[in-house]
């Protein structure tokens, strides 16, 4: 009986060590939203005003399930809370998208109706101790009409 208890304790200790030593990954999604027809910053020397206070959702799957939400700040910057994103990186990149829920007319009445939508892309990663943070950004917003 004592030997059985020791095996359970030994197994538990090995399991705890594997969990502590194994590298963990976290996804960090952020981007900038401009008040343009496609939400992207211009590539040329011209500037565009930021799309402030815009709702941004991370939607996944065929049902467009909302996984995380954010609101752009006064500079048009948004960041999704990475503690809410619990899925494989491959699934996140292939099955999820960013959707701007605030109409474009909110920042400029002359812009067309529709939603801005973007796929995701990896832009780098950072190692912080045992934690690997994968930095993800929009691959480029496009306007979709309803």
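Only the coordinates and a few stated rules stand behind these numbers; no lab work does. Every value quoted in this text rests on a predicted model; they were computed, and no experiment measured them. Cβ sites come from the backbone with ideal geometry, for glycine too, and all protein chains shown count toward neighbours.
Quick look at the values:
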| read-out | value |
| --- | --- |
| Distance between modelled label sites at residue 90 and residue 26, nm, 7 Å Cα→Cβ extension | 2.5 |
| Hull-based mean projected area of the range 49-105, where the convex hull spans the alpha carbons, in square nanometres | 4.3 |
| Per-selection Rg to Rh, the range 23-144 - Cα, Kirkwood hydrodynamic radius | 0.99 |
| Nitroxide proxy distance, nm - points 7 Å out along Cα→Cβ at residue 38 and residue 144 | 1.7 |
| Sorted by Cβ density within 10 Å, fewest first, the residues 97, 62 | 62, 97 |
